[in-house]
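One structure below.
Any read-out appearing in this document is the output of simple, stated calculations on the displayed coordinates, not a laboratory observation. Predicted, not measured: the structure shown is a model, and the values here were computed from it. Using ideal geometry, Cβ is built from the backbone for each residue, glycine included, and neighbour counts are taken over all protein chains shown.
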Amino acid sequence: MECRTLILGAGAAGLYAAARTGPDTLVLDHAKRPGEKIRISGGGRCNFTNTGTEAGNFLSANPHFAKSALARLTPWDFLAEVEAAGIAWHEKTLGQLFCDGSSRQIVEMLTGAAARAGAAIRMETGLGEVGHDGSRFTVETVRNGRAETIRARHLVVATGGKSIPRMGATGRGLEIARRFGLAVTETRPALVPFTFSGQPFAGLSGLSLPITARAAERGPAFPEAMLFTHRGLSGPALLQASNYWHEGEEIVLDLAGPGLGAALVAAKRQEGARALRTHLARHLPARLAEHLCEGIAGAGRPIADWPDAELATLADRLADWRLVPSGTEGYRTAEVMLGGVDTAGLSSKTMEAKAVPGLYFIGECVDVTGWLGGYNFQWAWASAAAAAAAI
Ligand code: FDA
């Protein structure tokens, strides 16, 4: 069989591209259903974009690469499509837009638009050898035990990243890039919970609180929620910091917020007979205060016994709590993959491989990784639109 445009991957980027490349487009995917990651995203409500999207919200070896595509398909453009599809939405926080109802509405919007544009989607199709016969790209496929070679003028690789292999995620896009001589940057699990040997926080599992987290060596600080888990630390603030963390390095948590030192000194004046641990439990969740006090000699003594300077030092320590995770939960639970097809080999305007006319890489398989908060979908839509406009 032959078609004009062959898209590998019926996820966010592949479906969005298909609606724009239109007739004579075929989308192939080995999963049972299209858009599975969209379906499970945002706790089932899909955080489909972020109104504050800018290139600074993404990690890439080339921090400028995403600018062109993001400028040409903005969050407002995607939102207009969501509204035109009659999907009710709300802003949760920090510019993050979610469906009011279900993320399935976004999948239906995308598959509906692809069908209306005349694109066909073939699921449960295994991908074999990918090549080029001199005039067309060729992809060996197997479906229902039947082998078929599909030839196409344009090949769009939208197979995503390696996160959550049990959902069908593979590094296939990276292999295809290498097959055509493109470089691939180092890949790592990202937006991923931290683990600690000895499970020191198991007793706090389930506890959540607002903090500020950052990777000690690089990246910004993220003032969001933290969640203690049986195996370690999670929650938005920690997932964000994980994008910037490397094995063996520290993470830094500010548990105190501004003014804890002054508040403890004021508490000492007003209720000096009460123990330090009692006062700490007024500023932090009681279970956490108890956990921290196990490491503070004299926490059970009246706060009046504590010199002001030591209270200030204690507050400073809680504002700069340094931990070395033993690792992360890995691709098993990571929301995204960091790294991917090296952008040096791609046009930032069209996502086309500079050395291989007709070959495009879009979405998460490209070395552009967003923060938590709808940025990764916005990159999927924007990179797909950029490629489709060139096809
Ligand atoms: P995507 O993973 O969507 O699609 C790739 C497709 O290729 C899949 O359908 C897969 O089956 C197919 N495929 C892979 N290998 C193949 C092979 N070898 N043969 C055939 N087909 C193959 N982002 C965000 O902005 N807001 C959010 O709310 C969330 N929430 C979220 C929750 C969870 C649990 C996860 C895991 C991830 C998120 N994300 C997110 C991230 C977001 O889901 C992700 O960045 C996009 O889906 C990437 O879109 P792509 O189209 O590039 O890949």
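Expressed in units of 2.2 N^0.38 Å, where N is the residue count, the Cα radius of gyration of segment 325-385 is 1.27. Estimated at 0.36 nm per residue, the fully extended path between Asn144 and Ala275 surpasses their Cα-Cα distance by 40.1 nm. From the alpha carbon centroid of segment 266-315 to that of segment 62-141 is 52 Å. Distance from the alpha carbon centroid of segment 150-166 to that of segment 179-249 works out to 27 angstrom.
Here the average projected area of the convex hull drawn through the C-alpha atoms of segment 130-169 stands at 3.7 nm². Here the simple spin-label model places points 7 Å from the Cα toward Cβ, and for Ala120 and Ala88 these points are separated by 3.9 nm.
Based on Cα contacts under 8 Å between residues 6+ apart, segment 106-206 shows a relative contact order of 12 percent. Using C-alpha pairs below 8 Å separated by at least 6 residues, the relative contact order for the chain is 24 percent.
Answer rounded, prolate or oblate for segment 182-250, using the Cα gyration tensor with square roots of eigenvalues a ≥ b ≥ c: rounded when a/c is under 1.5, else prolate when a/b is larger than b/c, else oblate.
Since a/c reaches 1.5 and a/b is larger than b/c, the shape of segment 182-250 is classed as prolate.
Distance between the pseudo-spin-label points of Asn62 and Ala304 (7 Å out from Cα toward the beta carbon): 6.8 nm. Divide the volume of the convex hull around the Cα atoms of segment 17-68 by the residue count and you get 161 Å³ per residue. Semi-axis lengths, largest first, of the ellipsoid equivalent to segment 58-162 are 33, 21, 14 Å, with √(5λ) applied to each eigenvalue of the Cα gyration tensor. Amide H contacts of Gly327 (H built 1.01 Å from N, in plane; Pro and chain starts excluded): Thr195 sit under 5 Å, all sequence-distant by 5 or more or on other chains. Placing unit charges on the Cβ atoms of the charged side chains and taking the dipole of segment 242-391 about its Cα centre, the candidate lying farthest along the positive direction among Ala344, Tyr375, Cys293 is Cys293. With viscosity set to 1.306 mPa s and temperature to 10 °C, compute the Stokes-Einstein D of segment 222-262, Rh being the Kirkwood radius across alpha carbon pairs; µm²/s, no decimals. After rounding, the answer is 138 µm²/s.
Work out the FRET efficiency for Ala221 and Gln199 from their Cβ-Cβ distance, taking R0 = 22 Å, and round it to the nearest 0.05. Don't skip to the answer; put the middle values down first.
Working: r = 26 Å, r/R0 = 1.18.
Plugging the Cβ-Cβ distance into 1/(1 + (r/R0)^6) gives 0.25.
Note on Ser208 and Glu175: the extension gain reaches 7.9 nm, defined as 0.36 nm multiplied by sequence separation minus the Cα-Cα distance. Only beta bridges with both residues in the chain are counted; by DSSP, about 75 percent of them are antiparallel. Could you go through segment 296-304 in sequence order and give the Karplus-derived ³J(HN,Hα) for each residue, using 6.51 cos²θ - 1.76 cosθ + 1.60 with θ = phi - 60°, rounded to whole Hz, and x for Gly and Pro? Coupling constants for segment 296-304: 10, 5, x, 5, x, 7, x, 5, 4 Hz.
Among Thr313, Thr195, Thr185, the largest mean-square fluctuation in a Gaussian network model of the chain, built with springs joining Cα atoms closer than 10 Å, belongs to Thr313.
Taking the charge dipole of segment 169-262 about its Cα centre, with +1 at Lys and Arg Cβ atoms and -1 at Asp and Glu Cβ atoms, the residue from His230, Leu209, Thr170 reaching farthest to the positive side is Thr170.
For segment 1-126, DSSP calls about 45 percent of its internal beta bridges antiparallel.
In a reduced charge model with +1 at each Lys and Arg Cβ and -1 at each Asp and Glu Cβ, the chain shows a dipole moment near 660 debye about its Cα centre. Each part gets one Cα centre, and for segment 338-357 versus segment 25-52 those centres are 23 Å apart. Cβ-Cβ distance of Asp100 and Lys349, R₀ of 41 Å, FRET efficiency by 1/(1 + (r/R0)^6): the value works out to about 0.70.
Restricting the calculation to alpha carbons of segment 1-142 gives Rg and Dmax of 16.6, 51 angstrom. With helices as the sole contributors, the chain gives -8500 deg cm²/dmol at 222 nm; each DSSP H run of n ≥ 4 counts as -39500 (n - 2.57), and the sum is divided by every residue. Within the straight-line cut-off of under 30 Å between alpha carbons, the lysines reachable from Lys162 are Lys32, Lys37, Lys67, Lys92, Lys349, Lys354, sequence neighbours fewer than 8 places apart in one chain being disregarded.
Its convex hull of Cα atoms gives segment 198-317 a direction-averaged projected area, equal to a quarter of the hull surface, of 7.5 nm².
Using Cβ point charges alone (K and R +1, D and E -1), the dipole size of segment 1-133 about the Cα centre works out to roughly 220 debye. Once the Cα-Cα distance is subtracted from the 0.36 nm per residue extended length, the Ala266 to Asp77 segment shows a gain of 62.9 nm. Remark: the chain projects, on average over all directions, an area of 20.6 nm² (convex hull of Cα atoms).
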